[in-house]
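The values are calculated or read from the model by the stated rules, or taken from the named source; none is laboratory data. Worth saying up front: this structure is predicted, and the values here are computed from it rather than measured. No Cβ is skipped: glycine too gets one built from the backbone with ideal geometry, and neighbour counts run over all protein chains shown. Ligands, DNA and RNA are stripped out before the accessible areas are found, and what is left, the full protein with its side chains, is counted by its heavy atoms. Shrake-Rupley method; radii C 1.70, N 1.55, O 1.52, S 1.80 Å.
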Amino acid sequence: MKVEKIGYNTYYGKPQQVGKISSKIQPQFTGQIPQKDIIKELKNIIPYSMKVISRLSESMGEVQNIIINSLGTGLVAPLFIKYNPLSDTDEDTRTYSAWRQPISAILAVGTQAGMVAPFNSIITDMAYSGKYPEEYNQTNFRDEKYLTKMIKKAEPYLTKDQVAKKVHETIAAQHKDLLNNIRYKNRIMILTDNGPAKQLSAKLYNNTLLDTIKELIKTDTKKQESCETKETRRLIRSEFLSKNNETVKATLEEIKHELDNATNLNSMKSYLTLKLKQLKKSNCDSNIIEMVKELKDRIKKINDPPKENGKPVINTKEIIMEELREKTNKMLKHTEKYSSITDENLIKAEVEKSVAERKEAFKVSLETLEDLKKRITNGEQISVSKIEQLLKEKAQGISFKDSALHVDFAEEMIEKYKNNIKNNLKGYKQFTGLIISLAVLPITCCLLNWVYPRFMDAVFPNLSNKKHDNESKQLVDKAPKQTTGGVA
Amino acid sequence: MTKVNPLVEYGIRKPLVALSKAPGMDIVRRNFRNKNMAFINGLAITSIIAKDGVGCYMYVNQSLHNDKIPDDKRKFVAALDLANGGLMILMQILMHLTISNKLVQTKMFNKMFGKNFDRAALKTYKKILNKREKFADVDGKQFHKAMDNIKDSVNEAFSNITSLVAATIIGKRVIVPFIATPLADKTKAWMCRNDKPLEVDKDTVNNYDKEEAPAVKNHKNEQHGKKQSTNLLTRLKDTFNYN
């Protein structure tokens with residue numbers, strides 16, 4: 001695809017001059033680790049199957065549909081056609097038909113996926129360069145790959161390191177510009193194909209603002225519900241600890257002793273598995289079984305993060321052992337606490353106290369967000385800075401930090417805006433893929449119709465006409481005539 | 001400014017932009033934004049079903065008129081295409097409706113990945129993450145947000161893959177052929193219902209045994225220790241050699 005305009009930097013009305021980085025553009029250092037870095041690190045340690053599936057989600061679309069469909073066509077279908085015991089048709093015909101499936105699969109991948117994949121790249125490039133309507137405009141989220149391509153094209157004399165530096169600076173600058181525009185100017189600026197930067201329509205801006213609030217409501221509602229469950233579970237556990245204090249303490253002490261003497265994580269896992277079996281066998285209370293299971297479940301199959309300079313950066317097994325020790329100590333402390341509290345009302349009061357602050361935080365946060373949602377829906381213009389100010393005021397005196405009261409609202413809005421555009425494009429790509437592959441289908445069919453018999457003639461002449469052609473004359477010559485009988 | 005090839009501009013870019021504004025695209029966008037998995041998976045299955053429908057029509061039509069396919073196999077190949085096409089569409093809709101169901105999806109996801117997202121697992125992951133110098137200060141909020149992101153992406157891909165595998169591999173390629181091949185026999189018979197009998201050369205006499213079915217005859221021949229091919233011509237050749 002040809003590049004019409006070099007405009008990898010942001011909203012100064014005109015493209016940035018080649019080779020110059022504006023002095024205004026500096027990476028933003030807020031001290032917080034970027035979310036994508038945390039996700040990347042977590043993907044290094046989660047089980048491999050999850051990592052693979054998570055990666056697949058980034059590329060799900062029409063191409064993957066074609067590939068999965070073709071895997072079934074090419075590998076599974078032939079077996080079920082050839083070895084179908086229910087069919088009366090002779091084996092040769094079934095084999096002949098079965099061979100059409102893998103050929104059809106290869107042609108489908110070659111023609112359909114072969115057409116859809118380049119179109120997907122064209123769509124991505126067009127979205128990054130602002131050629132689409134605003135719902136698909138990704139000029140605020142140009143990624144490393146696109147920027148590298150643009151910078152290399154604009155400034156071919158830059159070294160690899162210089163290009164990488166400039167890419168990172170541009171990414172930081174586009175984020176900073178977007179953040180400032182949202183926080184202080186209540187607008188989002190986008191680059192368009194041929195004109196200067198323009199403001200995102202009021203409708204789309206307000207929808208994004210509303211979507212952000214709805215998302216926060218959804219998250220906090222979920223957390224509030226889990227808080228209720230947590231309270232009920234804590235109450236049950238605390239009452240159990242109060243009534244069976246000695247038994248629990250003895251079991252936990254035993255586990256602690258074992259942990260202190262354990263040589264490795266595997267031996268600890270075997271011990272806890274055995275312990276669970278024993279407890280189940282002796283019909284122990286489900287609460288104590290659950291406690292031991294909580295410990296055992298902490299032993300997961302974790303991948304080690306990639307080595308640095310050939311040396312492992314951390315020892316995950318040791319960390320899991322440490323976590324096991326800490327959790328056991330915490331459980332023992334909890335048990336100790338309820339050895340002296342036996343009154344049911346006191347236990348209830350203690351549990352309520354433990355979750356009171358988080359319950360209050362979610363209550364305030366949900367009330368505030370619902371009110372904001374109502375006001376914006378009714379057409380009131382509320383700026384992002386005003387929302388941030390309101391959340392800050394409401395958060396005063398609440399030390400529990402895991403509710404929407406403590407979020408960076410402008411950052412949340414950027415995240416929502418980015419995801420909305422990304423998902424709009426995903427849907428559009430899938431729809432376009434459908435149309436393209438349907439358009440290519442007649443070509444696939446004609447190609448199959450042409451290739452299939454020729455392939456069979458060349459590779460399996462005994463199954464196709466070739467053999468018949470060669471042998472038909474011999475057979476006719478051999479066929480019994482009028483006097484001796486013949487063949488029709 | 002680099003001049004853009006008018007073929008690319010008017011043949012690719014402009015139609016793509018027009019398509020992005022097409023009526024109905026707002027529905028697609030809304031459902032993708034809200035991660036409505038039933039809709040997303042449904043669109044994927046619709047794409048495959050639409051292609052199967054068009055493909056079925058074309059394959060049947062082409063197979064029937066393809067002189068390169070032997071006469072005796074042509075109608076069976078076409079019948080197999082027709083039976084396959086119809087059943088595939090039905091089976092894929094059925095599989096999609098069952099596998100993409102939210103309840104089924106949740107159950108399957110929890111069974112396969114639930115353990116990796118439970119409280120104990122999250123505690124372990126966070127502990128390990130915080131041990132890395134760079135991530136030592138990552139708090140619960142940041143950690144849970146990242147894990148939610150991973151869970152969402154795993155869930156999305158899992159839902160999409162299971163739906164596609166159930167419809168296109170199990171439904172379409174395992175169940176359908178079992179029903180389609182015998183059905184193709186019937187479809188072929190239906191297609192041949194108006195065919196004229198083969199014209200027999202006046203010098204040739206039909207030696208088809210009306211008294212004994214070919215299958216019984218085959219069985220008897222096998223009893224004689226002679227393995228018979230199911231290919232008509234090979235069998236005829238064997239017969240002549242035998243005579």
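For this structure, a couple of remarks:
- Taking the 1.4 Å solvent-accessible surface of region A:275-410 as the whole, the part contributed by carbon and sulfur is 46%.
- Residue by residue along B:128-136, Cβ atoms of other protein chains within 10 Å of the local Cβ number 6 on average.
- When the alpha carbon gyration tensor of region A:217-308 is reduced to an equivalent ellipsoid, the three semi-axes, largest first, read 27, 24, 11 Å.
- What separates the Cα centres of region A:398-447 and region B:31-79 is a distance of 28 Å.
- Multiplying the residue separation of A:His168 and A:Glu144 by 0.36 nm and subtracting their alpha-carbon distance yields 7.9 nm.
- FRET efficiency for A:Ile67 and A:Glu336, using Cβ-Cβ distance with R0 set to 41 Å, rounded to 0.05: 0.10
- Remark: mean inter-chain Cβ contacts per residue of B:41-48 equal 5, using a 10 Å Cβ-Cβ cutoff to other protein chain atoms.
- Remark: the B:Leu90-B:Ile179 segment gains 30.8 nm on full extension, using 0.36 nm per residue and subtracting the alpha carbon distance.
- Percent RCO, i.e. relative contact order, over chain A, from Cα pairs under 8 Å lying at least 6 residues apart: 22 percent
- Environment charge of A:Ile38, counting only residues whose C-beta is closer than 12 Å and scoring Lys/Arg +1, Asp/Glu -1: +3
- Counted residue by residue at 0.36 nm each, then reduced by the alpha carbon distance between them, the extension gain from A:Lys348 to A:Ser399 reaches 16.1 nm.
- In region A:223-407, a dipole from Cβ-located charges (positive for Lys and Arg, negative for Asp and Glu) runs towards its positive end, and of A:Met268, A:Ser403, A:Ile376 it is A:Met268 whose Cα lies farthest in that direction.
- Mean Cα-pair separation over length for region A:304-462, i.e. relative contact order, pairs under 8 Å, 6 or more apart, %: 14 percent
- Share of pairwise Cα separations in region A:223-407, more than 20 Å, in percent: 68 percent
- Calculated translational diffusion coefficient of region A:100-158 (4 °C, 1.567 mPa s; Stokes-Einstein with Kirkwood radius over alpha-carbon pairs) equals 94 µm²/s.
- Both radii were evaluated on the Cα set of region A:313-398; the Rg over Rh quotient, with Rh as the Kirkwood radius, amounts to 1.24.
- Backbone N atoms of region B:131-173 closer than 19 Å to the 7 Å Cα→Cβ label point of B:Asn101 belong to residues B:159-168, B:170-172.
- The equivalent ellipsoid of chain A has semi-axes of 56, 43, 23 Å, largest first, where each one is the square root of 5 times an eigenvalue of the Cα gyration tensor.
- Evaluated with a Cβ-only charge set (Lys, Arg +1; Asp, Glu -1), chain A carries a dipole of roughly 1000 debye about its Cα centre, given to the nearest 20.
- Pairwise centroid distance, computed over Cα atoms, of region A:309-363 with region A:36-54, Å: 26 Å
- Base-10 log of normalised Debye intensity for region B:39-138 (one unit scatterer per alpha-carbon) at q = 0.17, 0.19 Å⁻¹: -0.85, -0.93
- The mean count of C-beta atoms from other chains within 10 Å of the C-beta of residues in A:66-78, rounded to a whole number, is 5.
- Summed buried accessible surface, chains B and A, 1.4 Å probe, nearest 100 Å²: 10600 Å²
- Cα-Cα over 25 Å, subset of A:Lys307/A:Lys422; B:Lys107/B:Lys172; A:Lys165/B:Lys131: A:Lys307/A:Lys422; A:Lys165/B:Lys131
- Dipole magnitude for region A:223-407: about 560 debye, using +1 per Lys or Arg Cβ and -1 per Asp or Glu Cβ, origin at the Cα centre.
- Solvent exposure of chain A, expressed per residue, is 52 Å² of accessible area, with all protein chains present and a 1.4 angstrom probe.
- For region A:117-220, the square roots a ≥ b ≥ c of the C-alpha gyration tensor eigenvalues yield an a/c of 1.5 or more together with a/b exceeding b/c, which makes the shape prolate.
- Overall form of region A:240-279 per C-alpha gyration tensor (a/c, 1.5; a/b vs b/c): oblate
- Cα centroid of region A:197-228 to Cα centroid of region B:93-130, whole Å: 25 Å
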